[in-house]
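A short worksheet on the structure shown next.
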Amino acid sequence: MTKPVGMEVAVAAAEAVALCNIDVAACYPITPNTHIAEHLADIIADGRIDAEYITVESEHSALSAVMGASGTGARTFTATSSQGLMYMHEILPITPAMRLPVVMGLGNRAVSGPINIWNDHSDIIMQRDSGWLSIFADNGQEAVDMFIQAFKIAEHPDVLLPINVNMDGFQLTHVVEPIVFPTQAQVNKFLPPYKPFASLHPDHPLSMGTLGLPEIYTEAVKARDVATVNAKKVIVQIWQEWEKQFGRKYEPVMTYKTAGAEILILTMGSMGETAEVAVDALRKKGVKVGLLKLKLWRPFPFDEIRKAVRGAKTLVVTDRALSYGGPGGPVCSEIRAALYDQPNRPEIVNYIIGLGGRDVRVEDFMKMIEGAPKAKKSGDAYQIYGVRE
Amino acid sequence: MLEIRWHGRGGQGAVTSVELLAMAAIDEGKFAQGFPSFGPERRGAPVEAFNRVDTKQIKIRSRIYNPDVSVVLDESQIGPAVVAGLKPSGTLIVNTAKKAGEVRDLLKKKNADYAGKIATVDATAIAWHELGVPITNTTMLGALLKVTNVVKLDALKEPVEHRFGRIAQKNLKALRRAYDEVQVR
Amino acid sequence: MKKWPETWKEYNTGGIVFEPGNARSFKTGPWRSLRPVWDNSKCIKCGVCYIFCPEGCVQEGPDGFFAADLDYCKGCGICAHECWPSAISMIEEGQES
């Protein structure tokens, strides 16, 4: 293990991808993912790794290009944000349907309009049902670790699904912070070469991207859903392998000071560590509060959530996106679904916070936690925190 | 934890400064963050950038509202924003040919009362002389180091050389001059 | 050949078809109500029928004349429509040519 280096997280993400022996990358730069795309292009152009970088005219083509490459058995990477992800929309669900283990870096950014380049989770949430596996980093180190894990997860013979690694735009992508890089030898030990179960080659022809008539489409959906649900087991196993080799722990739902907690607050993404500071301060004041950090968004860890909330009276769920006219925050919807048929479930308060780059401070977490009883009484399914009334 | 807020204008290199300082601090074995205010950084528009430096892991990811140090790259920005939330025990570091007392009076005139320490250095003059351009970001790093000792002067050598290549030595010279010439009142 | 997998478990990963050219076992000839018949006395061997056949079932014989593989010809009539010397006529199935 090398000593920590100060590096911008987006640049570090590109360095992590470069450690993974990729064959083909295609990215169309868009704020705030630009530095991933640019730095990876630099690495390949400088000949530091033996890979092809396909310059494309759009995100639609970026994903199409890496899917074609993945079909030939190449290890592939793309990266995007917000409107770029929206532009990939038509292609996104086809990647998991074809079971191509593409890895994507997402610098999460609000979706327009009004036009906004800053962080929230509306981009990934709008593509939630595309069938990609989704994991969230809390900090730069986790982002670096997760990119290396992502290739192993996606390419596992029991998974064979694409995966996106989510990093909050700016809040993570544009911060210079300490990063510990594994050595190339350590990565090689952790991540074996990609062995595709099928690949396009003239010597052994096959057809990919086939038609599914009504007689087969339902079975295709079922097969894909089973693979997605089963991926959780592999993800957990690979995270345990990572911990064994590198000492850093990853779980679908991470817990922080949850022992004896009556109130739990749940975050997804870079707000998690700021929330830890709030929990520390409140614990000092005698408030029995703990933190849950959701690392695995798809497949959603229903069992782990049920286990993690056991014993808590109140669960405060924070969401960085909103389903307009729907049940509120997308994370909270999942959690309500997970707990609906549980005998002793906590009361749930859902706050929508940190939209379009609105800063989230330690004080905000204290207010959300302390204000939870009042919010509960209001009977609203969700509250938009900090909105000027 | 030391929290630093930089005030500059788009193109003056405030973001580069916070990156260089974070890299230097991390290289010294400390924990640090360096990040921009995440705005659309248009040339000439007022921008903020931030540093946190600590001996422990830094968890907070919000902007800095109560800095220990406020660094002002450009005299024209002197006003309420540069002292907003600045700790009374902290320091305002300004690039100006004016004396500390004059800066304090100017702040008062702009309805920004500030009783803490003020450090001044004519970074623009240094930058013109050493770099041939009025870009004061690396120069002001020198002043910051003198006031805070947040990292050793030598710790910036490698990050500056990596970032600036053939003009690195000129930048390092400007930085050292500001380190020597800054006045704290 | 089984027409559909019995259950979802038999659905090939990613819907991949591993058997090259297996469309050959899917005979579309019975869809036909009209069939193309060539009058080789008018045929100039230009091959327009071969080029335009959407099913790819028109092939050139050893004598240079063309014929449709009736296992696959759907009877669409494009060959007859495109044939400018009008050497191809579409005849109702069951009738003598």
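Since every read-out is calculated from the coordinates, none of them should be taken as a lab result. Model, not experiment: these values are computed from the prediction. Note that we place each Cβ from the backbone using ideal geometry, even for glycine, and neighbour counts take in every protein chain shown.
Annotation: Cα Rg of segment B:1-79 relative to the compact-globule expectation 2.2 N^0.38 Å equals 1.07. By definition, a body whose alpha carbon gyration tensor gives a ≥ b ≥ c is oblate when a/c is 1.5 or more and a/b is not larger than b/c, and segment A:38-104 fits this oblate description. Based only on the alpha carbon positions, what is the Kirkwood hydrodynamic radius of segment A:159-270, in angstrom? One decimal place: 18.8 Å for the Kirkwood radius.
Hydrophobic long helices, here whole DSSP H runs in chain B with Kyte-Doolittle means of at least -1.0 and Cα atoms spread over 15 Å or more along the helix axis, are found at B:14-27, B:137-148. Taken about its Cα centre, the protein assembly as shown carries a charge dipole of roughly 2960 debye when the Cβ of each Lys and Arg holds +1 and the Cβ of each Asp and Glu holds -1. Each of C:Met90, A:Met7 was scored by other Cβ atoms within 10 Å of its Cβ. Listed from fewest to most, they are C:Met90, A:Met7. Placing unit charges on each Cβ (+1 for Lys and Arg, -1 for Asp and Glu) gives chain A a dipole about its Cα centre, and among A:Leu339, A:His60, A:Ala154 the Cα reaching farthest toward its positive end belongs to A:Leu339. Of the GluC sites (Glu not before Pro) found in segment A:19-108, those in coil by DSSP whose Cβ has at most 15 other Cβ atoms within 10 Å are A:Glu57, A:Glu90. Looking at the calculated P(r) for the protein assembly as shown, what percent of the C-alpha pair distances fall above 48 Å? So the portion of pairs separated by more than 48 Å is 29 percent.
In chain A, the calculated helix contribution to ellipticity at 222 nm averages -12000 deg cm²/dmol per residue, counting -39,500 (n - 2.57) for every DSSP H run with n ≥ 4. For segment C:31-97, a crude dipole built from +1 on the beta carbon of Lys and Arg and -1 on the beta carbon of Asp and Glu, taken about the Cα centre, is about 160 debye to the nearest 20. With unit charges on the beta carbon (Lys/Arg positive, Asp/Glu negative), name the residue among B:Asn95, B:His129, B:His162 whose Cα is farthest towards the positive pole of the charge dipole of segment B:85-162. The residue sitting most towards the positive pole is B:Asn95. Kirkwood radius, segment A:255-389, all distinct C-alpha pairs, inverse of mean reciprocal distance: 14.8 Å.
For chain C, what does the helix formula give at 222 nm: sum of -39500 (n - 2.57) over DSSP H segments with n ≥ 4, over the residue count, nearest 500 deg cm²/dmol? -2000 deg cm²/dmol, from helical runs alone. According to the Cα-based calculation, Rg over Rh for segment A:159-204 is 1.14, with Rh computed by the Kirkwood formula. Each of B:Thr55, A:Thr267, A:Thr95, B:Thr148 has some number of other Cβ atoms within 10 Å of its Cβ, and from fewest to most they run B:Thr55, B:Thr148, A:Thr95, A:Thr267.
The shape of segment A:56-150 comes out oblate: with a ≥ b ≥ c from the C-alpha gyration tensor, a/c is at least 1.5 while a/b does not beat b/c.
With a Förster radius of 41 Å applied to the C-beta separation of C:Ala67 and A:Phe197, the computed FRET efficiency comes to 0.45.
Taking 0.36 nm per residue of sequence separation and removing the Cα-Cα distance, the A:Asp158/A:Ile115 pair yields an extension gain of 11.4 nm.
Seen through its C-alpha gyration tensor, with square-root eigenvalues sorted a ≥ b ≥ c, segment A:5-246 comes out rounded because a/c lies under 1.5. For segment C:31-97, the share of alpha carbon pairs falling in successive 10 Å distance bins from zero is 24, 59, 17 percent. Largest first, the three principal axis extents of the alpha carbons in chain B are 42, 40, 32 Å in whole numbers.
Under 14 Å from the Cβ of A:Gly329, count the other residues' Cβ atoms, weight Lys and Arg +1, Asp and Glu -1, and hand me the total. Neighbourhood net charge equals -1. The calculated FRET efficiency for the pair B:Arg166 and B:Glu28, based on their C-beta separation and a Förster distance of 30 Å, comes to about 0.70. What does the charge add up to near A:Val226, with Lys and Arg as +1, Asp and Glu as -1, over the other residues with Cβ less than 11 Å from its Cβ? Computed value for this residue: 0.
Applying a threshold of 31 Å to the alpha-carbon distances of B:Lys109/B:Lys157; A:Lys367/B:Lys146; B:Lys56/B:Lys146 flags B:Lys109/B:Lys157; A:Lys367/B:Lys146 as lying beyond it.
In this structure, the amide hydrogen of B:Val94, modeled 1.01 Å from its nitrogen in the peptide plane, lies closer than 5 angstrom to those of B:Val72, B:Ala119, B:Thr120, B:Val121, counting only residues at least 5 positions away or on a different chain. Computed about the Cα centre, the dipole magnitude for chain A is approximately 1600 debye when only Lys and Arg (+1) and Asp and Glu (-1) carry charge, each at its Cβ. Computed from the C-beta positions of C:Glu60 and A:Lys374 and an R0 of 51 Å, the FRET efficiency is 0.05 to the nearest 0.05. Roughly how many Å is it from the Cα centre of segment A:277-341 to that of segment A:161-238, as a whole number? Here the answer is 26 Å between Cα centres.
Modelled spin-label separation between A:Ile94 and A:Lys189, with each label point placed 7 Å from Cα along the Cα-to-Cβ direction: 4.1 nm.
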